[in-house]
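> What follows is a single structure, and I will ask about it in a moment.
Each reported figure results from applying straightforward, stated rules to the coordinates on display, with no laboratory input. Values in this document were obtained by computation on a predicted structure and should not be read as measured data. FYI the Cβ positions are ideal-geometry reconstructions off the backbone, even for glycines, and counts take in every protein chain you see.
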Protein chains: 2
Amino acid sequence: METYKFDKSMELFNRARAVIPGGIYGHLSPAVLVPGKYPYYAQRGEGGYYWDPDGNRYIDWMCGYGPMILGYNHPKVEAAVDEQRKNADCFNHPTPVMVELAELLVDTVKIADWAIFAKNGSDTTTYAVQVARQSTGRDKVIACKGAYHGAHAWCTPGHGGLTDADRVNVLMSEWNNLELFRKLVDEHPNQVAAIILTPYHHPAFADSVLPAPGFYEGIRSLCDRNGIVLIIDDVRAGFRLDLRGSDQYFGFDADILCFSKALGNTYPISACVGRDDLRLSASDVFFTGSFWGGGISMAAAIATIKELKETNAVAHMMHIGKLLQDGIRETGAKHGYEMSVTGPPTIPYASFACERDFMRQQVFCAEVTARGAFFHPHHNWFISAAHTEADVEHTLAACDEAFAIVKEKFND
Amino acid sequence: METYKFDKSMELFNRARAVIPGGIYGHLSPAVLVPGKYPYYAQRGEGGYYWDPDGNRYIDWMCGYGPMILGYNHPKVEAAVDEQRKNADCFNHPTPVMVELAELLVDTVKIADWAIFAKNGSDTTTYAVQVARQSTGRDKVIACKGAYHGAHAWCTPGHGGLTDADRVNVLMSEWNNLELFRKLVDEHPNQVAAIILTPYHHPAFADSVLPAPGFYEGIRSLCDRNGIVLIIDDVRAGFRLDLRGSDQYFGFDADILCFSKALGNTYPISACVGRDDLRLSASDVFFTGSFWGGGISMAAAIATIKELKETNAVAHMMHIGKLLQDGIRETGAKHGYEMSVTGPPTIPYASFACERDFMRQQVFCAEVTARGAFFHPHHNWFISAAHTEADVEHTLAACDEAFAIVKEKFND
């Protein structure tokens, strides 16, 4: 296969460095990919593909880090946006679509008796913790090491600009370590307002880990016995495992669920939903933003959820993801590599079982990407409903070449 | 004049109360207006007007609490959005318009050597404080009582779900009280990272207050002498006083400016800009959100800023705002009322000088609103470039009727 060059990306990046700190920041920073080996900008998208400014096309296995779930420029979502745009977006009041979207979420998500909307995932995870505090009259929250709940000070993976006070009420536990959760609750009697978890463990720079048998049974029971609110941060996994909520995929009921990313098929929106007994506390926490009543993203979200339901999209994404996971495992084996394939099929990740330093992984993912299938070396990937079996085939052919390059380069 | 009814608003609100905590939350809550006397939903907007679900038309003197500055559905902004939408919004990377917008802001805003983008005003005020902390190695920030810097825990005007730790590093001063600022800095030597101020004082449930002569000279000098970063939260006033930044309108230079609201003419975007010596610290603070690289709102912002420049929109808005301010003062006087008319002409507010309990104010604003000109009783208003002299005339005719009603009702 011919491989890609990124000259126009680099030109833009050099302009950007003069006027933006670091040029590109946050999760989009090229520093979290392999600098120089990846595109830095996106020009346009269509279905399961996007093009960079150099004209290179990618099968988008990252889906914009999750927000794209039905495909870029999906006709039904865009039609709903067209319709709402005739009215304009953001007013002195919400628009009627806000009521419709809340009704749809309450109807769709099992534990949801109410819904409330914002713009960032972080807005909702922070809010969920505050609602738990308001409801319990307690301050502490237990989270897992390595879990990502957003970029607010209490949970950011960054280090700059923080103070000691930011995390004084955050207790750190470990994924699947039920004993440690129990110990922390025991050590802080009547002080723990919430346990916040992602539905499974999907840290960056590491493999994904599913819940161990009995883990959620134990967590649910620990919360019930101690009056603790169980918050599931479904920002990343939401709508890719079970439209009723990722808690249902793993067989338990959360008290609060946080959604964002896939909810509006790239349009900016987040949502927090919860059980009836938290409704009053939810309205006691002041929660607002200038654009949160805007109708365009809500119209996009209504169209997205309806289309996901009507097309049984999760089943299709599971099928495609399974093909990709199995294919990578088999192609790796053909070259003598055991691949650690983790995460649910719709949010897969694959890495080299023989290393923890990402050296082979970085070469492998960059070579696959330069052949038109975007693989992030250090972060789980995402499947969309627009992806096809042909996309998997093209990707596995690229993997085949990339494994051969890794093998030669590392003398394996 | 015929007055309005709100039956369809109430129907929607009753549906909403079943599925959304409080029905409508945050700054859009009808509880901050006069419940029952105002529309609760917006159906559509065009230019300086919007219509509620009952078909009532309003001259929108709130501009969606600020985001609308050129008029709803402005042709040039919508054309830019159309163009960007062909490409889709949110990807694995930023789009080229991010570089263009950063260059435009650095070119437009006097103190800006760099720019960085997010979705909420709160995102940028919190980030600005973190950048100041990172740069100074200090924890404390001084803010003013009654100032609104967003809904994050360190600054929210709400009470629910907070902990004592949230504000342990926030020292409260008072607007225009230079002595108190100096005292707080003296009492916390080498501990104050930032002073954060709105360019003038625009609290809710109170009149606006401009900076006293010498106030900003004193603040700037206090910051310089003590190595404190001066953050101006221009989220509300930005682009309505001076396109170079509201610090320039009041004759001083900030170190960091926060923008949002008007920046994208209702499309959701916020920005933080700063001086070169803060650039490294700015890139040391992890700052990200799922949709922050999205091109649509950035394309809207580029079109908005260019149109504001090309049409000299601030001058037109100042003219309209001045007509409205003078007209309210004169119409009030005709009925024997002294009106307290405060704020810059483009962000005006008027209240009854004879009361502090808002009793007349609520009746007055509701009666004007029910005659087709939206007046918020407890929050400053906003002028847009789409507003006309005819809009002011209609509004003053409504004021004339409303003052008469107040006079009769209160036996004044």
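> Check residue B:59: other-chain or 5+ apart residues with amide H under 5 Å from its amide H, H built from backbone geometry?
Excluding prolines and chain starts, which carry no amide H, the hits are B:373, B:374.
> I'd like the FRET efficiency for residue B:14 and residue B:388, computed as 1/(1 + (r/R0)^6) with the beta carbon distance as r and R0 of 30 Å, rounded to 0.05.
Calculated value: 0.25.
> Grab the other residues whose beta carbon is less than 12 angstrom from that of residue A:141, score K and R as +1, D and E as -1, and report the net.
Once positives and negatives cancel, what remains is +2.
> Here's a follow-up. Which whole number gives the average count of other chain Cβ atoms within 10 Å of the Cβ atoms across peptide B:313-324?
For this peptide, the per-residue mean of nearby foreign Cβ atoms is 0.
> Evaluate the charge dipole of the range A:254-307 about its Cα centre and quote only its size in Debye, nearest 20, assuming +1 on the Cβ of each Lys and Arg and -1 on the Cβ of each Asp and Glu.
My answer is approximately 180 debye.
> Peptide B:61-67: average number of partner chain Cβ atoms within 10 Å per residue?
5
> Assuming 1.567 mPa s and 4 °C, estimate D for the range B:199-344 with Stokes-Einstein, Rh taken as the Kirkwood radius over Cα pairs, in µm²/s.
Here the translational diffusion coefficient equals 73 µm²/s.
> Give the long-range amide H neighbours of residue A:144: residues separated by 5 or more places, or on another chain, with amide H under 5 Å away, using H modelled in the peptide plane at 1.01 Å from N.
A:173
> Using the basic label-point model (7 angstrom from Cα toward the beta carbon), what is the residue B:83 to residue A:76 distance in nanometres?
Those two pseudo-labels are separated by 3.2 nm.
> Can you list the distances in nanometres, one decimal and ascending, from the residue A:35 label point to the identical position in each other copy, with the point 7 Å along Cα to Cβ?
Its label point is 5.7 nm from the equivalent points in the other copies.
> Report the residue, chosen from A:18, A:313, A:153, that carries the largest GNM mean-square fluctuation when chain A is represented by alpha-carbon nodes joined by springs under 10 Å.
Among A:18, A:313, A:153, the largest GNM mean-square fluctuation belongs to A:18.
> Got a sec? Charge dipole of the protein assembly as shown, +1 on Cβ for Lys and Arg, -1 for Asp and Glu; which of B:263, B:170, B:116 is way out at the positive end?
Most positive-ward Cα: B:170.
> Could you give the spread of the C-alpha atoms of chain A along their three principal axes, from largest to smallest, in whole angstroms?
60, 54, 45
> Defining a contact as two alpha carbons under 8 Å apart and six or more residues distant in sequence, what relative contact order in percent does the range B:245-307 show?
34
> Separate question: About the Cα centre, and with charges only on the beta carbon of Lys, Arg (+1) and Asp, Glu (-1), how big is the dipole of the protein assembly as shown? Nearest 20 debye, please.
Value, rounded to 20: 480 debye.
> Shifting gears a bit: What size of dipole, in debye to the nearest 20, comes out for the range A:172-232 about its Cα centre when the only charges are +1 on Lys and Arg C-beta atoms and -1 on Asp and Glu C-beta atoms?
140
> Given Cα pairs under 8 Å that are at least 6 residues apart, what percent is the relative contact order of the range B:271-412?
22
> Further question on the same structure: Based on DSSP H runs of at least 4 residues, each adding -39500 (n - 2.57), what is the mean residue ellipticity at 222 nm of chain A after dividing by all its residues, to the nearest 500 deg cm²/dmol?
Dividing the helical sum by the residues of chain A leaves -12000 deg cm²/dmol.
> Name the most mobile residue of A:275, A:225, A:236, meaning the one with the largest mean-square fluctuation, in a Gaussian network model of chain A with Cα contacts below 10 Å.
A:225
> Another question, if that's okay. Let me have the relative contact order for chain A, percent, based on Cα pairs under 8 Å that are six or more residues apart.
23
> Give me the net charge for the shell around residue A:67: Cβ to Cβ below 9 angstrom, other residues only, Lys and Arg +1, Asp and Glu -1.
Neighbour charge sum, excluding residue A:67 itself: 0.
> I've got another one for you. Among A:198, B:48, A:351, whose Cα sits farthest toward the positive end of the charge dipole of the protein assembly as shown (+1 at Cβ of Lys/Arg, -1 at Cβ of Asp/Glu, about the Cα centre)?
Checking the options against the dipole of the protein assembly as shown, the answer is A:198.
> Residues with beta-carbon under 12 Å from that of residue B:351, excluding residue B:351: net charge, scoring Lys, Arg +1 and Asp, Glu -1?
Spelling it out: positives minus negatives among the neighbours equals -1.
> In peptide A:272-283, how many Cβ atoms from other protein chains are near each Cβ within 10 Å, on average?
Per residue, the average neighbour count from other chains is 2.
> GNM, chain B, Cα, under 10 Å: largest mean-square fluctuation among B:102, B:165, B:112?
Taking springs between Cα atoms under 10 Å, the residue moving most is B:165.
> Mean projection of the alpha-carbon convex hull of the range B:1-155 over all orientations, in nm²?
For the range B:1-155, the mean projected area of the Cα convex hull comes to 13.9 nm².
> Along the range A:252-266, what does the Karplus equation 6.51 cos²θ - 1.76 cosθ + 1.60 (θ = phi - 60°) give for ³J(HN,Hα), rounded to whole Hz, x for Gly and Pro?
9, 10, 7, 8, 9, 10, 10, 10, 6, 5, 5, 3, x, 6, 5
> Check residue A:46: other-chain or 5+ apart residues with amide H under 5 Å from its amide H, H built from backbone geometry?
It is A:72, by chain and number.
> Can you sort A:261, B:334 by how many other beta carbons sit within 10 Å, fewest first?
B:334, A:261
> Sort A:222, B:33 so that the residue with the fewest other Cβ atoms within 10 Å of its own Cβ comes first and the one with the most comes last.
A:222, B:33
> Give the calculated FRET efficiency between residue A:110 and residue B:217 to the nearest 0.05, with a Förster radius of 56 Å applied to their Cβ-Cβ distance.
About 0.40, to the nearest 0.05.
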